[in-house]
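Every number in this text was worked out from the coordinates using simple rules, so none of it is lab data. Because the structure is predicted, anything quoted here is derived from the model rather than measured. Positions of Cβ are generated from backbone atoms using ideal geometry, with glycine treated the same way; all protein chains shown enter the neighbour counts.
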Amino acid sequence: MTGQPEAYLFGQILGTHSFLLRDGFLKPDEYSEIEAQYFLPGGETGTAATVLSSLGVSVRMTGTMVGTEVAPMLNQFYSDRSVDLSSIDYMNDDKGVMDYVVIAGLVRSPMGRFATLFSSGKRFWSIPKEEDIIGCKAAAIDPFFGEETLKAAEICVKNSIPYVTIDSPHESYLHQHAAINVVSKECTAKDYPGMSAEEIMELMKSTSSGLTVITQGGGEMLYGRSGKETKKMSPFSVEVKSTLGAGDTYKAGCVYALIHKMSDEQTVRFASACSAVAISRFPLPLFPPKLEEVNDLINNVL
């Protein structure tokens, strides 16, 4: 890739082992038939990079250090895509960070060793560099990497680069300076127990001028910003093959919307359509949403 990419992504980049089951989800002491299995790029940032490249956006991604088992797959997969891996750091003494996901339609169960990794006291992610970010049109920053996450956000703020984040609470720097914060149902249940989505939205709006989107799985999305009315939008209805990567694809759609200066309503609709296309196929990395597919879904519903 020559020149600076349009989007900079910082966060989780994994090797994901995914298993699609044929006849429903796992049951204790019962046999399950595997219909398909893959080892492909995953993680919130890895998936978003794949989707953005499919949408025609050039990307630089970094974050999780890549080990000896993940590296060959990652380099081969992105060799013909508009994703720059030059800022990724590699570990020569470790297989790399991987997760394992069992999927059956609307249900999935991820497994990994993240609790062990984060409690080890060792940094297994890169340090953001200003030269990687300056000149990009938009960024996406995952909230998982402590001081390095904060540094990526501060570089964006310093250089007036709008960024998308996910699941960042109202009092955090990441939320307060984000152009878009996409908050999942899992996050609201964990961080704001007993509060309604409407109450959480008012709290989010009170601490940021950016757009907050609260997703609720198959339920209505709420979106709004300070000084403006909270609005709702229903997600697109599609036949679900796998929900793996749905939220990461939504984030990618928001980055695309920032680059193309969409309105709040256009942003939410576009990101929702991206996610809808994504969950209608498996595996997502091999069949990411294309721009014409997303626009067709929007236009056919409208």
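Summary table below
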read-out	value
In the stretch 10-46, the residues that are within 14 Å of residue 112 (Cα to Cα) and in a helix (DSSP H, G or I)	43
Tally, over the stretch 17-42, of residues that are on the phi > 0 side of the Ramachandran plot and either free of Cβ contacts under 8 Å to residues at least 12 places away in the same chain or touching an Asp or Glu at 6+ places or on another chain (Cβ under 8 Å) (or both)	1
Of all residues making up the stretch 16-36, the number that are in contact with a Leu (Cβ under 7 Å, 6 or more places away or on another chain) and within 20 Å of residue 246 (Cα to Cα)	3
Residue within the stretch 109-118 that is charged (D, E, K, R) and surrounded by fewer than 15 Cβ atoms within 10 Å (Cβ to Cβ) present	yes
Subset of the stretch 1-53 [surrounded by fewer than 24 Cβ atoms within 10 Å (Cβ to Cβ), among the polar types (S, T, N, Q) and within 12 Å of residue 83 (Cβ to Cβ)]	53
Complete set of residues in the stretch 225-279 that are closer than 20 Å to residue 138 by Cα and either of a type in the set (Ser, Thr, Tyr) or outside any helix (DSSP H, G or I) (or both)	225, 249, 250, 256, 260, 261, 262, 263, 267, 272, 275
Test for residue 190: is it charged (D, E, K, R) and surrounded by 14 or more Cβ atoms within 10 Å (Cβ to Cβ)	no
Which numbered condition residue 203 misses (of (1) under 19 Å from residue 297 (Cα atoms); (2) surrounded by 13 or more Cβ atoms within 10 Å (Cβ to Cβ); (3) over 16 Å from the mean Cα position of the chain (by Cα))	(1)
